[in-house]
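> Let me begin by handing over the structure; questions about it come next.
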Amino acid sequence: MSPRPFPPVVLFDLDGTLLDSAPDFVATTQAMRQARGLPPLPPEQLRPVVSKGSRAMLATAFPALADDERLALVPEFLAHYRSLIGRHARLFDGVAAVLRALEHAGSRWGIVTNKPEQLARLILPQQGWETRCAVLIGGDTLAERKPHPLPLQVAAQRIGVSPEQCVYVGDDERDILSARAAGMPSVAALWGYRLEADDPRSWRADTMAATPAALLEPAAWPGAQDAR
(Lines give C-alpha, C1' and ligand atoms only; values in the text may rest on other atoms or scores of the structure.)
Protein backbone atom coordinates (compact mmCIF):
# COMPACT_ATOMS: atom_id res chain seq x y z
CA MET A 1 0.00 0.00 0.00
CA SER A 2 1.47 3.35 -1.00
CA PRO A 3 1.74 6.00 1.70
CA ARG A 4 -0.83 8.75 1.94
CA PRO A 5 0.62 11.85 0.20
CA PHE A 6 0.01 14.11 3.21
CA PRO A 7 -1.40 13.84 6.74
CA PRO A 8 -5.23 13.75 6.94
CA VAL A 9 -5.20 17.07 8.84
CA VAL A 10 -2.50 19.73 9.08
CA LEU A 11 -2.75 22.53 11.63
CA PHE A 12 -0.58 25.59 11.19
CA ASP A 13 0.60 28.44 13.36
CA LEU A 14 -0.18 31.75 11.64
CA ASP A 15 2.42 34.49 12.18
CA GLY A 16 5.85 33.29 11.10
CA THR A 17 4.52 30.05 9.62
CA LEU A 18 1.83 30.84 7.05
CA LEU A 19 1.99 34.62 7.12
CA ASP A 20 4.95 36.98 7.10
CA SER A 21 3.18 39.52 9.30
CA ALA A 22 6.35 41.20 10.57
CA PRO A 23 5.94 44.24 8.25
CA ASP A 24 2.53 44.98 9.81
CA PHE A 25 3.99 44.74 13.30
CA VAL A 26 6.96 46.91 12.35
CA ALA A 27 4.55 49.59 11.08
CA THR A 28 2.59 49.32 14.33
CA THR A 29 5.59 49.78 16.59
CA GLN A 30 7.02 52.55 14.41
CA ALA A 31 3.77 54.51 14.74
CA MET A 32 3.78 54.04 18.51
CA ARG A 33 7.41 55.11 18.81
CA GLN A 34 6.85 58.12 16.56
CA ALA A 35 3.91 59.21 18.73
CA ARG A 36 6.32 59.26 21.68
CA GLY A 37 9.07 61.13 19.86
CA LEU A 38 11.30 58.10 19.42
CA PRO A 39 13.28 57.29 16.26
CA PRO A 40 12.30 54.38 14.00
CA LEU A 41 13.27 50.89 15.12
CA PRO A 42 15.36 48.83 12.67
CA PRO A 43 12.94 46.19 11.29
CA GLU A 44 15.50 43.43 11.74
CA GLN A 45 15.45 44.14 15.48
CA LEU A 46 11.74 43.39 15.80
CA ARG A 47 11.37 40.56 13.29
CA PRO A 48 12.88 37.75 15.43
CA VAL A 49 10.37 38.28 18.26
CA VAL A 50 7.15 38.49 16.22
CA SER A 51 6.17 34.91 17.08
CA LYS A 52 6.68 35.67 20.77
CA GLY A 53 3.61 37.94 20.85
CA SER A 54 2.70 41.54 21.59
CA ARG A 55 4.49 41.74 24.95
CA ALA A 56 7.78 40.59 23.44
CA MET A 57 7.44 43.08 20.57
CA LEU A 58 6.68 45.90 23.00
CA ALA A 59 9.69 44.90 25.11
CA THR A 60 11.85 45.24 22.00
CA ALA A 61 10.25 48.51 20.93
CA PHE A 62 10.28 50.10 24.40
CA PRO A 63 13.13 48.51 26.38
CA ALA A 64 13.34 51.45 28.81
CA LEU A 65 9.80 50.89 30.13
CA ALA A 66 8.98 48.73 33.12
CA ASP A 67 7.02 45.53 32.56
CA ASP A 68 3.78 47.00 33.88
CA GLU A 69 4.18 50.07 31.68
CA ARG A 70 4.62 47.92 28.58
CA LEU A 71 1.68 45.75 29.58
CA ALA A 72 -0.46 48.89 29.66
CA LEU A 73 0.46 49.51 26.02
CA VAL A 74 -0.92 46.18 24.77
CA PRO A 75 -4.44 47.50 24.02
CA GLU A 76 -2.98 50.42 22.03
CA PHE A 77 -0.66 48.03 20.20
CA LEU A 78 -3.49 45.69 19.22
CA ALA A 79 -5.80 48.53 18.21
CA HIS A 80 -3.19 50.05 15.93
CA TYR A 81 -2.30 46.67 14.49
CA ARG A 82 -5.96 45.98 13.79
CA SER A 83 -6.22 49.25 11.85
CA LEU A 84 -3.61 48.09 9.32
CA ILE A 85 -3.77 44.31 9.58
CA GLY A 86 -2.77 42.68 6.32
CA ARG A 87 -1.71 45.92 4.66
CA HIS A 88 1.95 44.94 4.49
CA ALA A 89 1.82 41.23 5.38
CA ARG A 90 2.34 38.53 2.75
CA LEU A 91 2.25 34.75 2.65
CA PHE A 92 5.67 33.19 2.84
CA ASP A 93 6.86 31.95 -0.55
CA GLY A 94 5.52 28.47 -1.16
CA VAL A 95 2.71 28.54 1.41
CA ALA A 96 -0.06 28.94 -1.18
CA ALA A 97 1.27 25.94 -3.11
CA VAL A 98 1.38 23.80 0.04
CA LEU A 99 -2.23 24.61 0.93
CA ARG A 100 -3.37 23.81 -2.61
CA ALA A 101 -1.47 20.51 -2.54
CA LEU A 102 -3.07 19.52 0.75
CA GLU A 103 -6.53 20.31 -0.57
CA HIS A 104 -5.89 18.48 -3.84
CA ALA A 105 -4.84 15.40 -1.86
CA GLY A 106 -8.04 15.52 0.20
CA SER A 107 -6.36 16.68 3.40
CA ARG A 108 -7.88 19.37 5.57
CA TRP A 109 -5.99 22.21 7.20
CA GLY A 110 -6.60 24.74 9.93
CA ILE A 111 -4.94 27.41 12.04
CA VAL A 112 -4.04 27.41 15.74
CA THR A 113 -2.46 30.70 16.76
CA ASN A 114 -1.88 32.75 19.90
CA LYS A 115 -3.07 35.83 18.03
CA PRO A 116 -6.49 36.97 19.37
CA GLU A 117 -9.14 35.09 17.42
CA GLN A 118 -10.91 38.26 16.24
CA LEU A 119 -7.68 39.53 14.68
CA ALA A 120 -6.84 36.16 13.16
CA ARG A 121 -10.29 35.99 11.54
CA LEU A 122 -9.61 39.26 9.73
CA ILE A 123 -6.84 37.45 7.84
CA LEU A 124 -9.13 34.77 6.39
CA PRO A 125 -11.01 36.88 3.82
CA GLN A 126 -7.81 38.71 2.88
CA GLN A 127 -6.33 35.39 1.78
CA GLY A 128 -9.54 33.79 0.49
CA TRP A 129 -9.45 31.24 3.32
CA GLU A 130 -13.00 31.65 4.68
CA THR A 131 -14.23 28.33 3.28
CA ARG A 132 -10.86 26.62 3.01
CA CYS A 133 -9.68 26.81 6.62
CA ALA A 134 -11.34 23.94 8.51
CA VAL A 135 -10.81 25.37 11.99
CA LEU A 136 -9.39 28.51 13.61
CA ILE A 137 -8.36 28.65 17.25
CA GLY A 138 -6.99 31.94 18.58
CA GLY A 139 -5.06 32.76 21.71
CA ASP A 140 -8.23 33.89 23.49
CA THR A 141 -10.64 31.28 22.07
CA LEU A 142 -10.16 28.94 25.02
CA ALA A 143 -9.09 29.12 28.65
CA GLU A 144 -5.55 28.12 27.67
CA ARG A 145 -3.17 29.03 24.86
CA LYS A 146 0.02 27.50 23.49
CA PRO A 147 2.23 25.95 24.83
CA HIS A 148 -0.74 24.32 26.60
CA PRO A 149 -2.08 21.39 24.55
CA LEU A 150 -5.74 22.45 24.80
CA PRO A 151 -5.86 24.61 21.61
CA LEU A 152 -4.53 21.75 19.48
CA GLN A 153 -6.72 19.19 21.18
CA VAL A 154 -9.85 21.29 20.61
CA ALA A 155 -8.87 22.02 17.00
CA ALA A 156 -8.63 18.30 16.29
CA GLN A 157 -11.91 17.68 18.09
CA ARG A 158 -13.72 20.33 16.06
CA ILE A 159 -12.52 18.77 12.83
CA GLY A 160 -13.55 15.34 14.09
CA VAL A 161 -10.20 13.60 14.32
CA SER A 162 -7.80 12.56 17.06
CA PRO A 163 -4.64 14.60 17.71
CA GLU A 164 -2.59 11.67 16.42
CA GLN A 165 -4.21 12.10 12.98
CA CYS A 166 -2.99 15.69 12.72
CA VAL A 167 0.38 17.32 12.23
CA TYR A 168 1.13 20.75 13.66
CA VAL A 169 3.51 23.11 11.85
CA GLY A 170 4.97 26.07 13.76
CA ASP A 171 8.02 28.30 13.95
CA ASP A 172 8.31 28.71 17.73
CA GLU A 173 9.32 26.34 20.52
CA ARG A 174 5.95 26.72 22.21
CA ASP A 175 4.31 25.36 19.04
CA ILE A 176 6.32 22.16 19.36
CA LEU A 177 5.75 21.95 23.12
CA SER A 178 2.01 22.30 22.59
CA ALA A 179 1.99 19.58 19.94
CA ARG A 180 4.03 17.17 22.04
CA ALA A 181 1.75 17.69 25.05
CA ALA A 182 -1.29 17.09 22.84
CA GLY A 183 0.17 13.87 21.41
CA MET A 184 0.30 15.45 17.96
CA PRO A 185 3.22 15.03 15.53
CA SER A 186 4.97 18.29 14.71
CA VAL A 187 7.09 20.05 12.10
CA ALA A 188 9.41 22.93 13.04
CA ALA A 189 9.11 25.66 10.40
CA LEU A 190 12.66 26.98 10.02
CA TRP A 191 11.64 29.86 7.74
CA GLY A 192 9.83 31.70 10.54
CA TYR A 193 10.89 34.14 13.26
CA ARG A 194 13.61 33.09 15.68
CA LEU A 195 16.02 34.72 18.05
CA GLU A 196 19.66 34.11 17.22
CA ALA A 197 20.05 32.02 20.36
CA ASP A 198 17.12 29.74 19.49
CA ASP A 199 18.11 26.22 18.46
CA PRO A 200 15.18 24.44 16.76
CA ARG A 201 16.94 21.09 17.18
CA SER A 202 16.44 21.40 20.93
CA TRP A 203 12.67 21.72 20.47
CA ARG A 204 12.52 18.03 19.50
CA ALA A 205 9.98 18.39 16.71
CA ASP A 206 9.32 15.19 14.77
CA THR A 207 10.73 16.80 11.62
CA MET A 208 12.05 20.17 10.49
CA ALA A 209 11.37 21.97 7.21
CA ALA A 210 13.71 24.62 5.84
CA THR A 211 11.11 26.17 3.52
CA PRO A 212 7.38 25.83 2.85
CA ALA A 213 8.25 24.17 -0.46
CA ALA A 214 9.85 21.30 1.47
CA LEU A 215 6.37 20.35 2.66
CA LEU A 216 5.34 19.57 -0.90
CA GLU A 217 7.33 16.36 -0.52
CA PRO A 218 5.26 13.71 1.28
CA ALA A 219 8.43 12.26 2.82
CA ALA A 220 8.93 15.51 4.75
CA TRP A 221 5.95 14.79 7.01
CA PRO A 222 6.15 12.87 10.30
CA GLY A 223 5.23 9.23 9.91
CA ALA A 224 5.58 9.25 6.14
CA GLN A 225 7.78 6.18 6.18
CA ASP A 226 5.58 4.40 8.72
CA ALA A 227 2.53 4.82 6.51
CA ARG A 228 3.75 2.26 3.99
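The values are calculated or read from the model by the stated rules, or taken from the named source; none is laboratory data. All figures in this text were calculated on a predicted structure; none of them were measured in a lab. Positions of Cβ are backbone-derived with ideal geometry, glycine not excepted, and every protein chain shown enters the neighbour counts. The protein model used for the area step is the full one, side chains on, heavy atoms only, and it has no ligands, DNA or RNA in it. Shrake-Rupley method; radii C 1.70, N 1.55, O 1.52, S 1.80 Å.
> Taking semi-axes √(5λ) of the Cα gyration tensor in Å as the quantity of interest, determine which of (i) 57, 14, 11; (ii) 27, 23, 13; (iii) 31, 17, 16 was computed from the displayed structure.
So the structure-derived entry is (iii).
> Okay, next question. Given a 1.4 angstrom probe, I'd like the percentage of the accessible area of the chain that is carbon and sulfur, rounded to a whole number.
Reported share for carbon and sulfur atoms: 52 percent.
> Which residue, Pro75, Pro212, Pro163, tops the fluctuation ranking in a GNM of the chain built on C-alpha contacts under 10 Å?
Answer for the Gaussian network model of the chain: Pro75.
> Loop only per DSSP, at most 16 neighbouring Cβ atoms within 10 Å: give me the trypsin sites (Lys or Arg not before Pro) in region 41-131, ordered by residue number.
Arg87
> Still on this structure, please answer the following. Out of all DSSP beta bridges in the chain, what portion is antiparallel? Express it as a percent rounded to 5.
Close to 10 percent.
> Next up: Using a Förster distance of 45 Å, how high is the FRET efficiency between Ala72 and Ala97, based on the Cβ-Cβ distance and rounded to 0.05?
Between Ala72 and Ala97 the formula returns 0.60.
> Turning to a different aspect of this structure: Where in the chain lies the longest segment free of GluC sites (Glu not before Pro) that are both loop residues by DSSP (not H, G, I, E, B) and have at most 16 other Cβ atoms within 10 Å?
Result for the longest clean stretch: 1-129.
> Please build a GNM for the chain, connecting alpha carbons under 10 Å apart, and tell me which residue among Val161, Val169, Val135 fluctuates the most.
Judging by the Gaussian network model, the answer is Val161.
> If the elastic network links every pair of Cα atoms under 10 Å, which of His104, His80, His148 fluctuates the most in the Gaussian network model of the chain?
Highest fluctuation among the options: His104.
> Please list 3J(HN,Hα) in residue order for region 39-50, calculated via the Karplus relation 6.51 cos²θ - 1.76 cosθ + 1.60 where θ = phi - 60°; whole Hz, with x for glycine and proline.
Values, residue by residue: x, x, 8, x, x, 5, 7, 8, 3, x, 9, 4 Hz.
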